[in-house]
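Peer 1: I have a structure I would like to understand better, so I am pasting it below and will then ask my questions one at a time.
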Amino acid sequence: QGCSWRSYLTTRLFGSRSVVGCVKASGKSGLPRKTAPARSLELQSSGRGRFLLEHAAPFSAFLTDSFGRQHNYLRISLTEKCNLRCQYCMPEEGVQLTPKSELLTAQEIISLARLFVKEGVEKIRLTGGEPLIRPDVVDIVGQLYKLEGLKTIAVTTNGINLARLLPRLKEAGLNAINISLDTLVPAKFEFIVRRKGFHKVMEGIHKATELGYRPVKVNCVVMRGFNEDELLGFVDFTKDLPVDVRFIEYMPFDGNRWNFKKMVSYKEMLDTIKQRWPELEKLPCEASSTAKSYKVPHFQGQISFITSMSEHFCGSCNRLRITADGNLKVCLFGNSEVSLRDHLRSGASEEELVQIIGAAVGRKKKQHAGMFNISQMKNRPMILIGG
Ligand SMILES: C[S@@+](CC[C@H](N)C(=O)[O-])C[C@H]1O[C@@H](n2cnc3c(N)ncnc32)[C@H](O)[C@@H]1O
Ligand code: SF4
């Protein structure tokens with residue numbers, strides 16, 4: 001991978017978008033590898049450049065975009081179906097489902113995952129739809145666990161089937177969990193998700209803490225007129241439980257009737273919480289983290305804010321997504337997609353697939369178009385993307 005990470009690093013060091021202009025050469029594995037152009041090679045001979053090049057960790061050029069972002073985190077949607085009907089995620093009438101024959105099989109999921117992990121993906125999150133309604137989910141986790149180099153296998157779930165499945169998922173290798181819960185009031189739960197199940201979700205959260213998951217992340221989409229009055233209740237929820245309640249700004253997707261007035265911004269949420277808890281402590285965060293985290297001193301858990309709308313984190317985005325029907329999406333809010341399923345089914349070799357993935361990553365835009373533009377753009381409903 002020498003040449004590929006060198007060209008990436010040259011881009012980072014010298015600010016040129018030279019990865020795009022690279023020429024191909026044959027690498028050790030026979031895969032065409034990108035080499036740095038002559039200008040960059042000249043620059044590499046500078047003292048600081050040489051030092052950094054020699055000490056940098058290698059990373060695939062195919063998963064590095066033209067802004068130097070290294071994509072080591074892949075989200076795979078296991079299904080378009082769901083046992084809930086959350087108002088912010090899907091239209092009441094449901095969505096048009098893709099025929100089963102056009103969805104990725106478990107074997108196809110594992111083949112693609114293997115390819116991404118070979119290229120440098122270290123974390124895979126299974127999502128959907130509701131990933132825990134897929135009958136082979138435990139088997140998929142078990143197969144992912146065998147992929148050398150994959151450090152984290154995570155799931156985002158609505159929690160309905162979690163308590164029942166978690167012991168087997170843990171045994172298979174699942175090591176991180178996000179559970180969605182937008183209210184602590186059972187009757188409101190039914191209104192927001194248009195189905196029953198509050199107590200099952202709570203049971204799932206407790207089961208995850210009992211089985212030692214730390215932290216158990218609880219995803220809470222905050223919407224004005226729905227649950228913005230529960231912010232303090234959710235902060236109290238972190239007092240005796242090792243959970244990280246993540247307040248997510250409401251995002252626009254097809255069919256979810258997003259409007260700016262319903263969105264509660266990070267700043268507004270933080271102000272409300274600070275009025276009650278002025279001693280709230282800001283916690284340090286990792287470079288590629290999407291969350292801004294805080295803690296009330298002496299509480300077991302913590303809270304975080306996912307500020308995709310009011311303060312986007314596109315600059316450090318390290319995520320790619322594969323939809324249940326096998327399309328690679330390089331940005332949650334972008335509508336450009338490439339069908340890996342079709343290439344896989346038409347017999348593309350690993351090398352060809354990697355090239356196709358690399359080309360899509362190379363086209364990734366610097367940042368999303370802003371919440372008002374996104375709300376006007378054609379995209380999929382969230383349930384068909386995989387959040
Ligand atoms: C699409 S769901 C799929 C996984 C699973 N069914 C669940 O609900 O956790 C993934 C995450 O996206 C979040 N989400 C869905 N629609 C959203 C929206 N419009 N704005 C912000 N977050 C959203 C959900 O709350 C959930 O935490
Ligand atoms: S957010 Fe999750 S649980 Fe709710 S409808 Fe979407 S996929 Fe289903």
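The values are calculated or read from the model by the stated rules, or taken from the named source; none is laboratory data. For clarity, every value in this text was computed on a predicted model and none was experimentally measured. Here the Cβ is made from the backbone with ideal geometry for all residues, glycine too, and neighbour counts use every protein chain on show.
Peer 1: Can you name the number of the only condition in (1) of a type outside the set (Lys, Arg); (2) more than 12 Å from ligand 1 (Cβ to nearest atom); (3) part of a helix (DSSP H, G or I) that ILE124 fails?
Peer 2: (3)
Peer 1: Which of the residues spanning segment 171-187 are in a helix (DSSP H, G or I) and either within 15 Å of ligand 1 (Cβ to nearest atom) or buried (at least 18 other Cβ atoms within 10 Å of the Cβ) (or both)?
Peer 2: ALA172 - this is the single residue of segment 171-187 that is in a helix (DSSP H, G or I) and either within 15 Å of ligand 1 (Cβ to nearest atom) or buried (at least 18 other Cβ atoms within 10 Å of the Cβ) (or both).
Peer 1: Okay, next question. Within segment 255-276, count every residue that is of a type in the set (Val, Ile, Thr) and closer than 14 Å to TYR88 by Cβ.
Peer 2: Of the residues in that region, 1 qualify.
Peer 1: Same structure again: Scanning for something within 15 Å of ligand 1 (Cβ to nearest atom), modelled with pLDDT under 95 and under 26 Å from PHE305 (Cβ atoms), does segment 90-108 turn up at least one residue?
Peer 2: Checked segment 90-108: at least one residue is within 15 Å of ligand 1 (Cβ to nearest atom), modelled with pLDDT under 95 and under 26 Å from PHE305 (Cβ atoms).
Peer 1: Next up: Just to check your reading of the model, which residue among ARG214, ARG194 is within 16 Å of ligand 1 (Cβ to nearest atom), of a type outside the set (A, V, I, L, M) and either surrounded by fewer than 16 Cβ atoms within 10 Å (Cβ to Cβ) or at pLDDT below 95 (or both)?
Peer 2: ARG194
Peer 1: Out of all the residues in segment 197-211, which are under 24 Å from the mean Cα position of the chain (by Cα) and surrounded by fewer than 17 Cβ atoms within 10 Å (Cβ to Cβ)?
Peer 2: Of everything in segment 197-211, those that are under 24 Å from the mean Cα position of the chain (by Cα) and surrounded by fewer than 17 Cβ atoms within 10 Å (Cβ to Cβ) turn out to be HIS206, LEU211.
Peer 1: Pairs under 6 Å by beta carbon, first residue buried (at least 17 other Cβ atoms within 10 Å of the Cβ) in segment 137-150, partner part of a loop (DSSP other than H, G, I, E, B), six or more apart or different chains?
Peer 2: Within 6 Å, the pairs are VAL141/GLY173; VAL141/LEU174.
Peer 1: Could you pull out the residue among LYS364, LYS329, LYS378 that is more than 23 Å from LYS123 (Cα to Cα) and basic (Lys, Arg)?
Peer 2: Residue meeting the stated conditions: LYS378.
Peer 1: Which of the following residues is at pLDDT 90 or above, over 26 Å from LEU231 (Cβ atoms) and away from ligand 2 (no atom under 16 Å from the Cβ): ALA360, ALA369?
Peer 2: Going through ALA360, ALA369 in turn, just one is at pLDDT 90 or above, over 26 Å from LEU231 (Cβ atoms) and away from ligand 2 (no atom under 16 Å from the Cβ): ALA360.
Peer 1: Name the residues in segment 127-146 that are more than 16 Å from ligand 1 (Cβ to nearest atom) and either closer than 11 Å to LEU74 by Cβ or modelled with pLDDT under 95 (or both), would you?
Peer 2: LEU144
Peer 1: If you take the residues of segment 240-261 that are among the basic types (Lys, Arg) and farther than 18 Å from THR183 by Cβ, which of them is nearest to ligand 2 (Cβ to nearest atom)?
Peer 2: Going through the qualifying residues, I end up with ARG257.
Peer 1: Also, I was wondering about something else. When you check THR98 against the structure, is it of a type in the set (S, T, N, Q), under 17 Å from the mean Cα position of the chain (by Cα) and either within 16 Å of ligand 2 (Cβ to nearest atom) or buried (at least 22 other Cβ atoms within 10 Å of the Cβ) (or both), yes or no?
Peer 2: no
Peer 1: Which of the residues spanning segment 62-110 are part of a loop (DSSP other than H, G, I, E, B), among the β-branched types (Val, Ile, Thr) and in contact (Cβ under 8 Å) with a residue 12 or more places away in the chain?
Peer 2: The answer is THR79, VAL95, THR98.
Peer 1: A further question follows. Can you tell me which of GLU148, GLU130, GLU122, GLU171 is touching a Phe, Trp or Tyr at 6+ places or on another chain (Cβ under 8 Å), on the phi < 0 side of the Ramachandran plot and either within 14 Å of ligand 2 (Cβ to nearest atom) or of a type in the set (D, E, K, R) (or both)?
Peer 2: The unique qualifying residue is GLU122.
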